Amino acid sequence: MNLYPTNLGIYNKQEVKREKMEKLPLRILVLLAAIAIVFSTSATASEADVTVTNVVVSPEGVEVGENVTITATVENTGNTTETVPIVFKINGEEVKSANVTVEANATEMVECMVAEEEVGTYEVTVDGASASFTVTTPPTPIPSPTPEVTPTPTPVVTENSEEKFRSPPSVDLRPVERIIDKDRDGVVEFYMDNPIVNDVVLTVDARIKVPSGIHVYGTGFGTGTAGVTHGIFTVAPGTHKGIEVRIKADESARIGDNTIVFSGIYYPGDNKDLYNTMSLTYPVVVVEPNMPEETPTPTPTETPKPPGFEAILAIAALLAVAYLMGRKK
């Protein structure tokens with residue numbers, strides 16, 4: 001009876017079993033590596049941390065019925081983009097809810113506008129961050145008194161006067177600069193002309209009235225009171241005179257449109273009986289100076305590592321060990 005084939009079959013089965021046992025550690029390591037990759041991907045995908053870091057109310061004080069803007073800063077300090085609901089509450093009651101998507105390591109601004117009809121202090125909360133604003137009653141307007149109208153006096157003409165104009169003189173304003181700020185004055189020329197056909201001197205009695213916070217300076221004009229500056233000028237026949245008036249504004253001046261008023265009378269020589277009235281206006285605009293914008297210094301940022309970087313290194317090490325063990329077998 002030939003036993004060799006039977007022994008050979010038993011030997012082959014033992015050899016196959018031995019090879020399977022030798023490869024078992026390598027298969028276990030591969031399985032562990034696959035589990036580590038899945039765990040690393042799952043852990044990285046959940047690395048998002050979104051919170052409301054600040055709430056600002058503007059303005060903090062309003063009157064009944066006026067709008068208030070609430071701005072919430074939403075920050076994501078995680079490594080993945082996240083969409084979260086943001087809830088605005090006033091005195092504990094929800095007034096707005098919105099879904100906000102924030103990218104990894106970024107911030108987003110969310111706004112809500114409200115208007116309250118009752119006087120009081122209102123507490124604003126947005127997902128843990130808080131602020132407040134106050135609503136007050138509008139003041140009762142005080143009626144402006146009706147200004148008294150002073151009639152313009154009719155000039156008395158003296159028929160036998162030797163001092164009179166053959167040709168009417170001109171008194172006018174010539175605009176130069178209407179914009180005023182802290183580095184730039186407004187400028188206007190007060191212009192007077194006495195035609196050559198006249199035999200008498202042109203006399204001009206002028207007053208400049210300015211709003212609060214506005215000041216004027218010009219040759220021949222003295223310092224007045226209650227916002228009024230006064231000056232008297234004479235112009236010979238056949239000549240003209242231009243007075244440069246500079247207009248300055250201090251911190252109390254109203255920003256925007258303002259009006260400078262030139263008024264008074266002019267007459268021939270010393271004959272005030274033949275006077276003529278003048279009323280001239282010069283609009284100017286007071287603006288706030290343009291402040292240079294500061295360029296923010298960029299903050300250096302670290303280059304983020306790929307998600308699961310440490311796990312991938314560990315897996316690579318395990319695979320290398322498994323490969324070496326397989327070769328030794």
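The values are calculated or read from the model by the stated rules, or taken from the named source; none is laboratory data. Note that the structure is predicted; figures quoted are calculated from it, not measured. Neighbour counts are summed over all protein chains in view; Cβ atoms, including those assigned to glycine, are modelled from backbone coordinates with ideal geometry.
Can you tell me which residue in segment 53-83 is farthest from K96 (Cα to Cα), limited to those that are of a type in the set (A, V, I, L, M, F, W, C) and buried (at least 16 other Cβ atoms within 10 Å of the Cβ)? Show your work before the answer.
Step one: of segment 53-83, the residues of a type in the set (A, V, I, L, M, F, W, C) are 55-57, 62, 64, 68, 70, 72, 74.
With the extra rule that they be buried (at least 16 other Cβ atoms within 10 Å of the Cβ), the set shrinks to 55, 57, 62, 68, 70, 72, 74.
On the way: V55: 14, V57: 15, V62: 20, V68: 14, I70: 11, A72: 12, V74: 15 Å.
For segment 53-83, the residue satisfying everything is V62.
Taking T203 as the residue in question, decide whether it is touching a strand residue (DSSP E or B) at 6+ places or on another chain (Cβ under 8 Å), loosely packed, with under 15 Cβ neighbours inside 10 Å and at pLDDT 90 or above.
On the way: touching a strand residue (DSSP E or B) at 6+ places or on another chain (Cβ under 8 Å): yes; loosely packed, with under 15 Cβ neighbours inside 10 Å: no; at pLDDT 90 or above: yes.
No; evaluated as a whole, the condition is false for this residue.
Rundown of residues vs (1) modelled with pLDDT of 95 or more; (2) in a loop (DSSP other than H, G, I, E, B); (3) not hydroxyl-bearing (S, T, Y), yes/no style:
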residue: A98; (1), (2), (3): no, no, yes
residue: M109; (1), (2), (3): no, no, yes
residue: V114; (1), (2), (3): no, no, yes
residue: Y122; (1), (2), (3): yes, no, no
residue: P138; (1), (2), (3): no, yes, yes
